Amino acid sequence: MRSSPHGRPERRLRLRRRFGTLKIGAFLLGLASLAMAGCDASAGCNATVAKTTSTASQPADPSLLEAQEDEAAEARRQARLDREWPLHGLVTGLQLVIRKEPNPDSAPVGFLRIGSRVRLRGEPEKSPTCASGWYRALPEGWACSGEGILIGERPPEGEFEVPPPKRDVPLPYTYWFVKEPMVPEYHRPPSRDEQRAALAYAEHYLELLAKNEKRAERFLAGEGPGGPPRPAVVHRFLNRGFYVAGVGVEVRARRAFVRTVRGRYIKQAQLLESTGSDFHGVELGPEHSLPVAWAVRTARPMIRRDRADGTVRFVDDPDAEPIERLTLLTHWKERENIGGRFMHVLDGDRYLRDWFVSVARVEKRPKGVGAEEPWVHVNLTTQTLVTYQGDRPTYATLISSGVEGHETPSGLFEVERKYIADTMADLGASLDDRYSIEDVPWTQYFVGSIALHAAFWHSRFGLPKSHGCVNLAPQDAQWVFRQTWPTVPEGWLGVVTDLTPFPASHILVTP
């Protein structure tokens with residue numbers, strides 16, 4: 001496997017020198033201001049000077065100086081940005097690919113979503129493959145101005161504003177479950193007549209589907225005779241169980257429509273908002289350390305009964321309250337083989353059966369992983385995940401891996417592609433297995449289509465559930481995304497690590 005860089009440049013000394021220079025400059029500027037202020041020969045002048053001298057003798061507010069230094073540093077950073085990357089780009093296509101070289105066949109470096117803004121170098125590189133020119137993009141790669149990006153000396157304005165994904169909350173978009181079959185997704189908010197026509201078309205298809213599936217499919221393809229025409233305002237029809245990502249709700253003629261990330265519209269009454277599970281793992285440090293245990297099934301603690309023949313049985317403790325699923329077991333002590341069966345021992349001589357508990361434990365840093373590298377360990381047996389910084393564990397939580405027939409592969413991998421959000425779908429022949437989920441949050445592919453990502457559509461963490469990916473609760477997925485390499489640049493949707501300068505964290509998956 002390709003090795004990853006393990007270090008990061010240290011800028012503390014340089015910043016201190018800069019801050020020191022700023023403090024001296026501020027002091028000299030203050031003296032110059034006093035000298036230039038001047039006054040006339042009036043009685044009030046002496047009083048003013050005395051007051052100024054008294055104020056100057058007082059120590060400066062450290063927080064004020066720090067704020068001034070930060071402001072000056074930001075001004076210098078902005079000036080350098082404007083000097084080196086003078087142009088502004090606004091992505092107007094659904095997704096813009098940033099290439100490694102100014103060539104459409106060059107490997108992708110990253111991706112920008114519609115509405116994203118990026119800074120660009122001033123001089124384009126002309127090419128037969130991009131007549132309007134390839135522009136160097138910040139911080140890496142090339143963008144063709146003819147592939148869905150407006151470029152100007154000032155920030156361009158688009159036809160409509162598309163808010164970027166939110167990075168500071170567990171879900172970067174609002175997510176909606178399609179709760180009815182054959183739900184229209186419109187190019188724009190429809191009139192009432194257009195909406196009625198779309199619903200009539202959908203109802204006719206569903207009636208045909210109930211009688212003859214092949215005939216219904218021919219109608220949908222525009223080949224079948226009879227039936228209402230497909231309205232031009234409809235972009236597509238969505239199946240029940242699909243998920244879409246939204247950026248807002250618009251009301252037209254007393255009808256509310258969800259506006260999707262892709263700029264289309266769906267009637268809100270046909271959707272159900274999905275906010276995801278509140279479950280989350282724990283940061284490791286003074287308060288929590290490995291091993292960490294959770295209840296993965298609701299269970300009542302048991303008490304031990306020793307028989308005369310030396311055997312042991314366990315019975316429910318009638319005085320104990322049931323422990324709810326996903327409870328963090330802060331009173332967990334150990335896993336012990338008692339009479340040929342494994343039990344989890346709790347404080348107060350209470351017990352839980354083995355399959356009711358999952359425990360995250362320390363894993364040795366794999367060979368090839370750097371001493372300061374952030375990396376991830378996934379244990380398929382315990383359905384747990386632990387993040388590390390070198391040898392130091394930093395976070396622990398529960399996951400859901402692949403179910404039987406869709407098992408998550410084990411091995412040592414690297415993050416290949418990393419997206420703030422990426423659409424996942426399987427529209428195969430099996431109706432029971434079909435799914436389409438727009439903009440799955442905090443997605444990190446590490447082998448083919450297998451990824452770490454947030455799952456806002458279920459809460460079965462600690463138990464297998466997925467089609468092969470490693471599912472995390474939204475808050476956990478966001479935490480892991482922030483810790484691993486590569487870092488997705490500001491304004492970008494995702495990056496690729498293969499054949500690019502972006503470093504990649506290792507993902508260790510053990511059976």
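The values are calculated or read from the model by the stated rules, or taken from the named source; none is laboratory data. As the structure is a computational prediction, the values presented were derived from the model and not from experiment. Virtual Cβ from ideal backbone geometry, glycine too; neighbours counted across all protein chains shown.
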Problem - Which numbered condition Glu217 misses (of (1) surrounded by 19 or more Cβ atoms within 10 Å (Cβ to Cβ); (2) farther than 30 Å from Phe481 by Cβ) - result: (1)
Problem - For Arg136: the one exception among (1) among the basic types (Lys, Arg); (2) at pLDDT 95 or above; (3) surrounded by fewer than 14 Cβ atoms within 10 Å (Cβ to Cβ) - result: (3)
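Tell me yes or no: at least one residue of the range 328-347 is of a type outside the set (S, T, N, Q), under 23 Å from Asn471 (Cα atoms) and outside any strand (DSSP E or B).
Here is the first cut: in the range 328-347, the residues of a type outside the set (S, T, N, Q) are 328-329, 331-336, 338-347.
From the residues that got through so far, the ones that are under 23 Å from Asn471 (Cα atoms) too are 328-329.
From what's left, outside any strand (DSSP E or B): 329.
Yes.
Filter the range 186-214 down to residues that are among the basic types (Lys, Arg) and within 26 Å of Ala253 (Cβ to Cβ) and give me whichever is surrounded by the fewest Cβ atoms within 10 Å (Cβ to Cβ). Give the steps one after another, and end with the answer.
Taking the range 186-214 first, the residues among the basic types (Lys, Arg) are 188, 192, 196, 211, 214.
Cutting the leftovers down to within 26 Å of Ala253 (Cβ to Cβ) gives us 188, 192, 196.
Numbers: Arg188: 14, Arg192: 11, Arg196: 13.
It comes out as Arg192.
Looking only at residues in the range 360-377 that are within 19 Å of the chain's Cα centre (by Cα) and farther than 24 Å from Trp457 by Cβ, which one is surrounded by the most Cβ atoms within 10 Å (Cβ to Cβ)?
That would be Trp375.
Acidic (Asp, Glu), free of Cβ contacts under 8 Å to residues at least 24 places away in the same chain and over 18 Å from Arg119 (Cβ atoms) - does that describe any residue in the range 166-188? If you could, list the steps in order and put the result at the bottom.
Restricting attention to the range 166-188, the residues satisfying the condition of being acidic (Asp, Glu) are 168, 180, 185.
Restricting the remaining residues to those that are free of Cβ contacts under 8 Å to residues at least 24 places away in the same chain gives 168.
This time we only want the ones that are over 18 Å from Arg119 (Cβ atoms), so: 168.
Yes, the range 166-188 has at least one match.
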Fill in the blank from the handout: Scanning the range 449-479 for residues that are within 11 Å of the chain's Cα centre (by Cα) and surrounded by fewer than 24 Cβ atoms within 10 Å (Cβ to Cβ) gives Gln475, Gln478, Trp479
Exercise for the section: Answer with yes or no whether Phe446 is within 19 Å of Thr510 (Cβ to Cβ), over 12 Å from the mean Cα position of the chain (by Cα), in a loop (DSSP other than H, G, I, E, B) and of a type outside the set (Asp, Glu). Expected result: no
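Within the range 316-326, does at least one residue satisfy the condition of being part of a strand (DSSP E or B), of a type outside the set (Phe, Trp, Tyr) and in contact (Cβ under 8 Å) with a residue 60 or more places away in the chain? Explain how you work it out, then say what you get.
Going through the range 316-326, the residues part of a strand (DSSP E or B) turn out to be 316, 323.
Still in the running and of a type outside the set (Phe, Trp, Tyr): 316, 323.
Then keep just the ones that are in contact (Cβ under 8 Å) with a residue 60 or more places away in the chain; that gives none.
Within the range 316-326 (the criterion being part of a strand (DSSP E or B), of a type outside the set (Phe, Trp, Tyr) and in contact (Cβ under 8 Å) with a residue 60 or more places away in the chain), the answer is no, since none of the residues qualifies.
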Practice task
Please go through the range 219-278 and pick out each residue that is outside any strand (DSSP E or B), closer than 17 Å to Pro181 by Cα and of a type outside the set (A, V, I, L, M).
Solution key: Phe219, Arg230, Asn239, Arg240, Gly241, Phe242, Gln268, Gln270
Completion exercise
Restricting attention to the range 230-277, the residues that are within 19 Å of the chain's Cα centre (by Cα) and of a type in the set (A, V, I, L, M, F, W, C) number exactly 4
Exercise for the section: Quick one: in the range 385-405, of everything that is part of a loop (DSSP other than H, G, I, E, B) and of a type outside the set (S, T, N, Q), which residue is nearest to Pro464 (Cα to Cα)? Expected result: Val403
Practice task
State whether the residues of the range 378-392 include one that is small (Gly, Ala, Ser), out of contact with any Phe, Trp or Tyr (no Cβ under 8 Å at 6 or more places or on another chain), surrounded by fewer than 16 Cβ atoms within 10 Å (Cβ to Cβ) and assigned by TED's automatic domain parsing to the domain that holds Val470.
Solution key: yes
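To keep it simple, each residue is scored yes or no on (1) of a type outside the set (A, V, I, L, M, F, W, C); (2) touching an Asp or Glu at 6+ places or on another chain (Cβ under 9 Å).
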| site | (1), (2) |
| --- | --- |
| Phe461 | no, yes |
| Gly468 | yes, yes |
| Phe481 | no, no |
| Glu490 | yes, no |
| Leu493 | no, yes |
| Pro503 | yes, yes |
| Pro511 | yes, no |
Problem - Selection from the range 292-327 of residues that are surrounded by fewer than 18 Cβ atoms within 10 Å (Cβ to Cβ) and within 40 Å of the chain's Cα centre (by Cα) - result: Arg297, Thr298, Arg300, Ala320, Glu321, Pro322, Glu324, Thr327
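Quick grid of which residues meet (1) in contact with a Pro (Cβ under 7 Å, 6 or more places away or on another chain); (2) surrounded by 13 or more Cβ atoms within 10 Å (Cβ to Cβ); (3) not charged (D, E, K, R):
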| site | (1), (2), (3) |
| --- | --- |
| Arg77 | no, no, no |
| Arg83 | no, no, no |
| Val97 | yes, yes, yes |
| Ala107 | no, yes, yes |
| Phe111 | no, yes, yes |
| Gly122 | yes, no, yes |
| Gly141 | no, yes, yes |
| Glu159 | no, no, no |
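Looking at Val488, Val470 in this structure, which one is under 27 Å from Pro139 (Cβ atoms) and not polar (S, T, N, Q)?
Numbers: Val470 fails: under 27 Å from Pro139 (Cβ atoms).
Sole residue among the options that is under 27 Å from Pro139 (Cβ atoms) and not polar (S, T, N, Q): Val488.
So which of Asp309, Asp354 ends up being more than 24 Å from Pro286 (Cα to Cα), among the charged types (D, E, K, R) and touching a residue at least 12 places away in the same chain (Cβ under 8 Å)?
Exactly one of Asp309, Asp354 is more than 24 Å from Pro286 (Cα to Cα), among the charged types (D, E, K, R) and touching a residue at least 12 places away in the same chain (Cβ under 8 Å), namely Asp354.
Yes or no: Asp498 modelled with pLDDT under 95 and either of a type in the set (Asp, Glu) or not in a loop (DSSP other than H, G, I, E, B) (or both)? Please lay out each step first, then the result.
Numbers: modelled with pLDDT under 95: yes; either of a type in the set (Asp, Glu) or not in a loop (DSSP other than H, G, I, E, B) (or both): yes.
The answer is yes for Asp498.
Please go through the range 152-201 and pick out each residue that is among the acidic types (Asp, Glu), assigned to a loop (DSSP other than H, G, I, E, B) and in the same structural domain as Ala269 (by TED's automatic domain parsing). Show your work before the answer.
Within the range 152-201, the first condition is being among the acidic types (Asp, Glu), and the residues that meet it are 153, 157, 159, 161, 168, 180, 185, 193-194.
Cutting the leftovers down to assigned to a loop (DSSP other than H, G, I, E, B) gives us 153, 157, 159, 161, 168, 180.
Of everything in the range 152-201, just one residue is among the acidic types (Asp, Glu), assigned to a loop (DSSP other than H, G, I, E, B) and in the same structural domain as Ala269 (by TED's automatic domain parsing), namely Glu180.
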